[in-house]
Each structure stands twice: as structure tokens, then as C-alpha cells.
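Please read the structure below before turning to the comments.
The values are calculated or read from the model by the stated rules, or taken from the named source; none is laboratory data. Keep in mind the model is a prediction, meaning the values are calculated, not measured. Positions of Cβ are backbone-derived with ideal geometry, glycine not excepted, and every protein chain shown enters the neighbour counts. Note: areas computed on protein heavy atoms with side chains; ligands, DNA, RNA excluded. Shrake-Rupley method; radii C 1.70, N 1.55, O 1.52, S 1.80 Å.
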Amino acid sequence: MSPVPHHIAIVMDGNGRWASKRFLPRVAGHKQGVDTLRRCVKTCAQRGVGVLTVFAFSSENWNRPVEEVSGLMDLFAMALTREVPQLKADGVQLHFVGERAGLSSKVIAGIEQAERATAANTRLILNVCFNYGGRWDIVQAAAKVAAEGKPVTELELGRAMALAHVPDPDLVIRTGGEQRISNFLLWQSAYSEFYFSDKLWPEFDDAALDAAIAVFNQRERRFGKTSEQLASQAAFSAET
Ligand code: IPE
Ligand code: IPE
Ligand code: MG
């Protein structure tokens, strides 16, 4: 079996267009998106992915029409209660990443309960970025470092970031055809490989995920070095 990226991050975009194409309300697209995510989590666990981070609601998504925002909040609260028992049984450790201020007390209670219930799981870490923005994360990390009187270094900022419990993503996938970051993992994606899919998120099936992983496996990650350096490093580690 070919190797899989340890940490995959996904901008799950295109739910609204998926629904509009079918003359359905946008929220129907988000509902379908939850089904796609459920399956994607299962497949990632089966493929041996260690960490999956998904973008579910951005700091800027509050600017959508009120009906859509409240539909998304209701769906999130419902998914929290519905999905957690199975995720727990499947060995998934859940983390909710983002600003808690602004979320309802019901949603916050659901988040805390889900994190507690799955804390001992080790098969797959699932980070759900909700009310998240990469800029928010950098600012909250800087504020934390300053409040603790620590020096502002990459190490200290990295430790204060909301995703400090996992290594940086190896592969960032965005569905829905747009080729932009939309305030996702600004700090953590410094050396991630990017993969853009024209498929709308509800259509992103196992074959599409495997295609993204296959493309990832063909990339050469140089981290600032040269190809020649990488080749001699590989030859050296094969010898030893
Ligand atoms: C992504 O799908 C989900 C959220 C942003 C919550 P969209 O709702 O952005 O779908 P499109 O991009 O309008 O099709
Ligand atoms: C990014 O999608 C946010 C999520 C998928 C949650 P958007 O649909 O909000 O991004 P833009 O507005 O097209 O950049
Ligand atoms: Mg969108």
C-alpha cells in the first residue's frame, strides 16, 4: 500500500452550490456535507491517516444571511449529538478548534461533552475548525505568549496555537473549485502541499480522496532544500 499523509486538512467547500444545482435550500447542501464528512472520517481512519482537520465554519461565515447561519448552527448542534457515539466507537478523538465566544451555550456544552467523551481515543484525531480563522489563531496565540511574558519566538507562538496538539498538515485539500485559503490554517500550512478539486464537497467520495493522496505522493517536499540534497539524504539513510 502506498504511504498516506499523516495529517490531512480539508476546506469543505461547495455545499451551497451542490444544493442550488438541485433547486434545494443551501442548508440541504450542508446536511449532505455532514454525510460526506462522516464517510471521509471513516475512510481516513481505514487508510491510516493520523490527523484530519476540517474547516466547518469560518470567522467570516457569520456574514452570511441569518437563516443560513442559524441553519448551520442547528445542524452543528444536531451533528454533535448524533455523530459522537459512532465516532467514539470508531476510535476518533475529537477537538473543536476556534473561538468559543459567540457560540450558544448549547453548542459549547455539546463541544465540551464530545471532547471529553472521545479524549482517550487514539485511532484518528479529528479537528473540527468551527468559528475559526487563521488570523484569529495567530492573534490569540500572540496574546497568550504576551500574557505569559514569554519571548515571541516561532516555538512559543507554535505552542500557543490552537492546533499545537498535532503536527502541521502535510496535505491541504480544497473542494469546490476555488483556489484560495479563505483564512484557513495560515500559520500551519507554511509547508503543506495543496490540492484543489473541482468536485463540490458533497460529491467528494473515496475515489476523490484517494486521487488527492496519490497526487500528494508524487510531490517532492523540499522544505527549502534542493532536490540533490534530498537525494543524497535518502541515499545516506538507506545505507544506515
Ligand atoms: C462550505 O460550503 C461550507 C461552509 C462555508 C459552511 P459553502 O456554503 O461555502 O458552499 P458554496 O461555496 O456556496 O457552494
Ligand atoms: C471556506 O469557504 C470556509 C469553509 C469551508 C468553512 P467559504 O465558502 O466561506 O470561502 P469563500 O468565501 O468562498 O472564500
Ligand atoms: Mg463556499
Length-normalised contact order of the chain in % [C-alpha pairs under 8 Å, at least 6 apart]: 26 percent
Listed residue (HIS30, PHE196, LEU52) projecting farthest to the positive dipole end of the chain, Cβ model: HIS30
Within a Gaussian network of the chain (alpha carbon springs, distance under 10 Å), most fluctuating of ASP168, ASP205, ASP137: ASP205
Net dipole in debye of region 7-239 [+1 Lys, Arg Cβ; -1 Asp, Glu Cβ; about Cα centre; nearest 20]: 420 debye
Helical contribution to [θ] at 222 nm, DSSP H n ≥ 4, -39,500 (n - 2.57), averaged over the chain, rounded to 500: -15500 deg cm²/dmol
Shape of region 1-131, Cα gyration tensor, a/c cut at 1.5: oblate
Of the DSSP H helices in the chain, those whose Cα atoms cover at least 27 Å axially and whose Kyte score averages -1.0 or more: 26-47, 66-89
Max mean-square fluctuation residue, GNM over the chain, Cα-Cα springs under 10 Å, options PHE184, PHE194, PHE23: PHE23
Ordering of 89-96, 128-135 by packing [mean C-beta count within 10 Å, highest first]: 128-135, 89-96
Per residue, in Å², the accessible surface of the chain once ligands and nucleic acids are set aside, probe 1.4 Å: 52 Å²
Largest-first ordering by accessible area, 1.4 Å probe, given options GLU99, GLU239, GLU148: GLU239, GLU148, GLU99
Accessible area of the chain belonging to carbon and sulfur atoms, whole % at 1.4 Å probe: 55 percent
Most positive-pole-ward Cα, GLN86, GLY134, LEU186, against dipole of the chain from beta carbon charges: GLN86
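What is the packing order of peptides 217-230, 65-78, taking the mean over residues of other C-beta atoms within 10 Å and listing the highest first?
Sorting 217-230, 65-78 by mean packing, highest first, produces 65-78, 217-230.
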Where the Cα pairs of the chain fall when distances are cut into 5 Å bins, in %: 1, 6, 12, 17, 19, 17, 13, 7, 4, 2, 1, 0, 0
Length released on extending from ALA164 to LYS21, taking residue separation times 0.36 nm less the Cα-Cα span: 47.6 nm
Pairs from LYS42/LYS144; LYS42/LYS199; LYS31/LYS88 whose Cα-Cα separation, in the structure shown, is over 28 Å: LYS42/LYS144
Candidates LEU103, LEU37, LEU52, ranked by Gaussian network fluctuation over the chain, Cα under 10 Å, top entry: LEU103
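Once you keep just the Cα pairs under 8 angstrom separated by 6 or more residues, what percentage relative contact order results for region 59-200?
Relative contact order of region 59-200: 20 percent.
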